[in-house]
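Here is the structure we will look at, set down as structure tokens.
Just so it is clear, none of the values below were taken in a lab; they were calculated from the coordinates. Small disclaimer: the values here were computed from a predicted structure and weren't measured. So basically every Cβ, Gly included, is an ideal-geometry build from the backbone, and we count neighbours across all protein chains shown.
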Amino acid sequence: MQERRRRRRRVWLWVLLVAVALLLWCRREAPLVLGTFNIQTFPHEKTLDEAVAAAIAELDADAFAVQEIRDPGRFYATLDRASALTGRRYAAVLTNSCRDNRKGRLNVGVVYDAARLELKDHRSLSKGDVCPTGQAPALLASLRTGAGRTFSLVSVHFDSGGEEQQFERRKQQWRWLTSILPALREEFGDVVVAGDFNTTGYLDQDGAERRFIDDMVGRHALQLPTGALGCSEYWRPNSKVRRWEASLLDHFLGSKDMSFGTPVVLGMCAALACETQTTEPPKLRSVSDHCPVRIALRK
């Protein structure tokens, strides 16, 4: 009889342990899905807001960096539409770019799903009507999950162009960014930088820009998980030639000890497999010349 009772106790103990393990597994927080999306001078005369909302819905990120937002009110309305498409509750924080655009002042910012994330703090990292020398438009948003995990997402927009002087400005911006990251991590914990780094020469593995970026990333114990992507943007080098080439401009940057999933490029870049085109890529004008990029941030 006593032996039978001992057996029963052991069985119930195992049942209890399995139940606790299942409960802990079920309550485990899913990885965060992050994104970045340069929505070309949103909106311009050919922008289709519904198509942009669909692109955001395809991205389906918990939080994502945005660049080139010209009309915040119309952008918020587009986020409402994307929320309806995804069942999320998107909100955003934006800041004026410290760099003028010929089509007017643009904004950089961070969008987050308020149903999953709480905004703790946000700040512009580059202030004023003119970017201080070596700085780029940037905004930091500090976010917290329902389980208490905190992290910060920084949206950046580096200078564009393939000329030597434009590359020199980007080099200054890389040095500025890497110099402020230690203090940001000290204050906010995990920091992911996402956005349009305008890495015009990155796909040339032997080129000066690729070597410079790889050196900066290695020297500062960082990682650039998007470096293996085939592209994130399409452009037309010569307006007289029907040829659109792919370029890799948009990235995620984080410390070496962070755990990222495999990055995924979406939209026309995925549909066209980053191959050169002789007809204009679909949605290049109605959505953006850039494609959304998504990545998972694990524990």
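Note down the relative contact order for the stretch 31-297 as a percent, whole number, built from C-alpha pairs under 8 angstrom at least six residues apart. Walk me through the numbers on the way to the answer.
Details: 611 pairs, mean separation 54.4, N = 267.
It comes to 20 percent, rounded to a whole number.
Run the numbers for residue 243 and residue 118: contour at 0.36 nm per residue of separation, minus the present Cα-Cα distance, in nm.
Using 0.36 nm per residue and subtracting the Cα-Cα distance, I get 40.6 nm.
In nanometres, what is the gap between the two model label sites at residue 150 and residue 299, each 7 Å from Cα along Cα-to-Cβ?
2.0 nm
Within the stretch 133-213, which GluC sites (Glu not before Pro) sit in a loop by DSSP and count at most 14 neighbouring Cβ atoms inside 10 Å?
163
Output the 0 to 90 degree angle, nearest 10, between the alpha-carbon long axis of helix 2-26 and the longest principal axis computed from the alpha carbons of the chain.
With both axes taken from Cα atoms, the answer is about 10 degrees.
Add -39500 (n - 2.57) for each DSSP H run of 4 or more in the chain, then divide by its residues: what number comes out at 222 nm, to the nearest 500 deg cm²/dmol? Let's see the in-between values first.
Numbers: 6 runs with 93 residues, N = 299.
Value at 222 nm, helices only: -10000 deg cm²/dmol.
About its Cα centre, how strong a charge dipole does the stretch 61-216 have in debye, to the nearest 20, once Lys and Arg get +1 and Asp and Glu get -1 at the Cβ? Mind showing how you got there, number by number?
Details: 22 positive and 22 negative charges, 122 e Å.
Charge dipole of the stretch 61-216: 580 debye, to the nearest 20.
Which residue fluctuates most in the GNM of the chain (Cα springs below 10 Å): 88, 170, 185?
185
Can you tell me the length gained on complete extension of the stretch residue 80 to residue 208, counting 0.36 nm per residue apart and subtracting the Cα distance?
So the chain would gain 41.9 nm between residue 80 and residue 208.
In debye, nearest 20, what is the charge dipole magnitude of the chain about its Cα centre with +1 on Lys and Arg Cβ and -1 on Asp and Glu Cβ, if you could check?
For the chain, the charge dipole is close to 1860 debye.
Looking at this model, which pairs from 127/171; 171/256; 120/299; 171/240; 46/120; 171/283 are more than 24 angstrom apart at the alpha-carbon?
Table pairs above 24 Å Cα-Cα are 171/240; 46/120; 171/283.
Counting residues in the chain as N, plug N into 2.2 N^0.38 Å and put the Cα Rg over that result.
Normalised Rg, Cα atoms only: 1.15.
Tell me, what is the FRET efficiency for residue 279 and residue 46 to the nearest 0.05, using R0 = 22 angstrom and their Cβ-Cβ distance as r?
Approximately 0.85, to the nearest 0.05.
Given 0.36 nm per residue, what is the gain on full extension from residue 286 to residue 168 after removing their alpha carbon distance, in nm?
Difference between extended and current length: 39.3 nm.
Taking the chain as the reference, fit the longest principal axis to its C-alpha atoms, fit the long axis of helix 72-86 to the helix C-alpha atoms, and give the angle between the two in degrees, 0 to 90, nearest 10.
40 degrees
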